[in-house]
Amino acid sequence: MAKAAKITAKKSTHFSEWYTQVVLRSELADYAPVKGCMVFREYSYAMWEKIQKYFDEQIKKTGHKNAYFPVFIPEKFLKKEAEHFKGFVPECAWVTVGGERTLKERLAVRPTSETIIYTMFRKWIRSWRDLPLKLNQWCNIVRWETRATKPFLRTREFLWQEGHTAHATVEDADTEAMEILRIYKNLMENLLAIPVLVGKKSELEKFAGALYTVTLEALMPDGKTLQMGTSHNLGQNFSKAFKIQFIGEDEKDHYVWTTSWGISTRLLGAIVMVHGDDKGLVLPPRIAPYQAVIIPIFYKEVERDTILNKARDVSDTLNQNGISATIDDRMEYTPGWKFNEWELKGVPVRIEIGPKDIKHNRVVAARRDTSERVEVTEDHLVSTIREILNAVQDNLFSRAREFLEANITAEELRRIQKGSEKKTWVHQGQLVLTHEVRRKDKRRDRRRNLFDSIK
Ligand code: 86X
């Protein structure tokens, strides 16, 4: 029998090695035979699809539509925005040859799509009736990283969504940037069970092309923060560079106000880091490809058919009731071996069915997060498993929130408030502005209350 993959590095002492082992051995991802690139294997891609489904529904509800723009960006487009992209250009990958011909103008492989999308916005936007224009694109992104690669966290190619919107007023752009933040925060907290702090970047840290940049940051177990998502009010910086004007109701020409925002497959790395333990992945039920794994346990051949049939019944019942379950009926592995494997893969609930359980019309359910085992009578199968899944989801979020709150001190908050910190945070729904921002930008200050309500 094959030896079960095991995590040997300890999360508390060898965090980086632990992370890599978990990602590879749980079969979330693999290194690709291309430097700096990774393969999103089916187990992690299923999670990305859940993120896509959730976010897609939310943005459709708020009036956004999906579109797709070219992966090749002519160099002159990026040059138009030289000021805003300063510092980024070394990160671009370039196509210089097509077929056998050297190109007259080299093409960047999409590092972000502002320039190509705003080139089209210029063509499409004519009057105030065309606004707001709210588009989103799901795509891959290439950035020529030179630092060490980490699956999901830093690779030369990754997947994301980028939203790009155009509005008639700065207030509309503010509202848009804030609405997306709220969707992001809900996604991170309710789906991924990761608490985040929302904060406005300092003038130094914001995207150079933005009026302001707001990000959602999570605290990782090694004490570092990870940027989970970002939303920019780009002001009129891009509309001026790309000449995106509309005729207002006042019949005068105005430049539009734009926003852009994104989340990426980096979120999958955050799930691993925040919730995983020394046995491997621990997946929040709402993002887990399988919420329950059913393991039939039999000692004699005669028990086999009865138990497998029961396992199928249980699986069908759960799946019909919206709980995604799978049976591990592989004959070549022992139940103990399977327990380890599915713990490594972080499945929230394991359901064991043995001869005694059949006799008593019950199954045994084991929680991945607490290792707690309970007997579940068949009559209450669906409701009990549903309760357990909710309990796991809640517990993972509470654990992560306690860690965050234990590690952000009142003193830190005061330091931030005094303005010695570069970042400004929204903590517990309360925006904490730095002294610098307050003093320098009165207009922004007037609009500050918009952000106070983010919960
Ligand atoms: C900044 C800005 C913005 C849409 C987001 O943060 C969310 C989604 N875009 C992205 N950024 C760049 O503009 C950029 C540009 C080039 Cl040319 C590059 F090579 C790397 C970049 N990285 C970030």
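The values are calculated or read from the model by the stated rules, or taken from the named source; none is laboratory data. Just so we're clear, the structure is a prediction, and the values are computed from it rather than from any experiment. Cβ placement follows ideal geometry from the backbone for every residue including glycine, while neighbour counts extend to all protein chains displayed.
With respect to the stated conditions, THR213 fails to be within 17 Å of the chain's Cα centre (by Cα) and polar (S, T, N, Q). Name every residue in the range 262-288 that is charged (D, E, K, R) and within 14 Å of the chain's Cα centre (by Cα), in order of residue number. Hits for the range 262-288 are ARG266, ARG286.
Considering the range 223-250, the residues that are outside any helix (DSSP H, G or I) and closer than 16 Å to THR112 by Cα include one that is farthest from the ligand (Cβ to nearest atom), namely PHE242. The single condition among (1) assigned to a helix (DSSP H, G or I); (2) surrounded by 20 or more Cβ atoms within 10 Å (Cβ to Cβ) that LYS356 does not meet is (2). Across the range 40-80, the qualifying residues are those that are farther than 30 Å from GLU27 by Cβ and in contact with an Asp or Glu (Cβ under 7 Å, 6 or more places away or on another chain), and the one among them that is farthest from the ligand (Cβ to nearest atom) is THR62. Taking the criterion of being of a type in the set (Gly, Ala, Ser), more than 16 Å from the ligand (Cβ to nearest atom) and either touching a residue at least 24 places away in the same chain (Cβ under 8 Å) or on the phi > 0 side of the Ramachandran plot (or both), the only residue of the range 120-165 that qualifies is SER127. Screening TRP144 with (1) at pLDDT 95 or above; (2) closer than 21 Å to TRP257 by Cα; (3) not in a strand (DSSP E or B) gives one miss only, at (2). Listed by position, the helices (runs of 4 or more DSSP H) contained in the range 1-84 that have at least 3 residues being of a type in the set (Val, Ile, Thr) and either modelled with pLDDT of 95 or more or surrounded by fewer than 17 Cβ atoms within 10 Å (Cβ to Cβ) (or both) are 15-25. Among residues of the range 27-56 that are hydroxyl-bearing (Ser, Thr, Tyr), those with a beta-carbon under 9 Å from a residue that is in a helix (DSSP H, G or I) and loosely packed, with under 15 Cβ neighbours inside 10 Å at least six positions away or on a different chain give the pairs TYR54/ASN186; TYR54/ASN190.
Every condition in (1) modelled with pLDDT under 95; (2) away from the ligand (no atom under 12 Å from the Cβ); (3) more than 21 Å from ILE271 (Cα to Cα); (4) surrounded by fewer than 18 Cβ atoms within 10 Å (Cβ to Cβ) is met by ALA208 except one, and the failing one is (2). Among the residues in the range 81-93, are any within 15 Å of the ligand (Cβ to nearest atom), free of Cβ contacts under 8 Å to residues at least 40 places away in the same chain and more than 25 Å from the chain's Cα centre (by Cα)? Within the range 81-93, one or more residues are within 15 Å of the ligand (Cβ to nearest atom), free of Cβ contacts under 8 Å to residues at least 40 places away in the same chain and more than 25 Å from the chain's Cα centre (by Cα).
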